[in-house]
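**Student:** Provided herewith is a single structure, encoded as structure tokens, for subsequent inquiry.
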Amino acid sequence: MARPQTSFRCSACGQATLRWMGRCPGCGEWNTLVEEKAAEPAAERRPGRPRAAGAGKPRKPVALAEVERAAEAAGGWDGVGRLAVGVGPGSFTGLRVGIATARGLALSRDLPVSGVGTLDALARGLGERAGERRCLAVLDARRGEVAAAVHAATGERLWGPWLGRPEELAAGIPDLPEPALCGGPGAVRFRQQLTNRAVEIPDDADPVHHVAARHICALAAAGAGADEAASIAPIYLRPPDAERWRERDSLQAAE
């Protein structure tokens, strides 16, 4: 009797693969693949053995399931007037998946869609605590780098987005009249490198270090205008890995 085939599905984007990998091939997130076992074929199931609820039915990608739950919490799709999607900076595949999902939902629901920068959304949350101070939003860009931007107390972006090593960011932070409020996953990970007299970094457990959906929605609503579905563009601060690999292979072939 054939054994049920094991597969793995990403808890972030729903991508399925037949072997486990540390990084999802769909969205690029790490350690999100969860093991799944296919249901036994009907002819091979043991007599009297109950069939698992929902077995054999295609699963809705996690991202879409979360969107549906959010819409239900808002009172249903009739109460939704616009969709908002984060456009990065972020991973090449992850941003493409997110934007494509938003465009598809907007088309199917006949709704306008707006793109919002992730650093802008992070700064929006920091601004609620910063008072009149400037905000330094910092994302963990991996590979020992950060993505950063400086915003005024009014929310206006003054500098960035920028990509580089945290030590370079710390050295390049301009002298401000008072310490800027600095937050984000990059500020938490590289606290030691970034801490100086020019910035104040809240405790690691502080919510200001997380991008909140309500801040993305607030920025989308504030700039609501024409439908942006056709013009939404992801913010890439580094070239895709495939492009880097092609360049590397070209250099090796030329040697």
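The values are calculated or read from the model by the stated rules, or taken from the named source; none is laboratory data. All values reported here derive from a predicted model rather than from experimental measurement. All Cβ positions, glycine included, derive from the backbone under ideal geometry; neighbour counts span all protein chains shown.
**Student:** Filter the range 90-117 down to the residues that are in a loop (DSSP other than H, G, I, E, B) and over 14 Å from I216 (Cβ atoms) and list them by number.
**Tutor:** Matches in the range 90-117: S91, D110, L111, P112.
**Student:** Take D203 and tell me if it is assigned by TED's automatic domain parsing to the domain that holds A102, assigned to a loop (DSSP other than H, G, I, E, B) and modelled with pLDDT of 95 or more.
**Tutor:** So D203 passes the test.
**Student:** Within the range 85-104, which residues are surrounded by 21 or more Cβ atoms within 10 Å (Cβ to Cβ) and either touching a helix residue (DSSP H, G or I) at 6+ places or on another chain (Cβ under 7 Å) or acidic (D, E) (or both)?
**Tutor:** Within the range 85-104, V85, G86, V87, G88, P89, G90 qualify.
**Student:** Among the residues of the range 206-218, count how many are under 13 Å from E128 (Cβ atoms) and of a type in the set (A, V, I, L, M).
**Tutor:** Total satisfying the criteria: 3.
**Student:** While we're here: Out of the residues in the range 23-34 that are more than 11 Å from T93 (Cβ to Cβ) and at pLDDT 70 or above, state the one that is surrounded by the most Cβ atoms within 10 Å (Cβ to Cβ).
**Tutor:** L33
**Student:** Something else about it: Select from the range 129-144 the residues that are at pLDDT 95 or above and acidic (D, E) and list them in ascending order.
**Tutor:** Result: D140, single match.
**Student:** Taking the range 220-236 on its own, how many of its residues are under 18 Å from R109 (Cα atoms) and surrounded by 12 or more Cβ atoms within 10 Å (Cβ to Cβ)?
**Tutor:** Result for the range 220-236: 7.
**Student:** To continue, here is another question. Would you please list the contacts, defined by Cβ atoms under 9 Å and residues six or more apart or on different chains, that run from a residue in the range 96-111 that is farther than 17 Å from C24 by Cβ to a residue that is of a type outside the set (A, V, I, L, M, F, W, C) and loosely packed, with under 13 Cβ neighbours inside 10 Å?
**Tutor:** The qualifying pairs are L111/G81.
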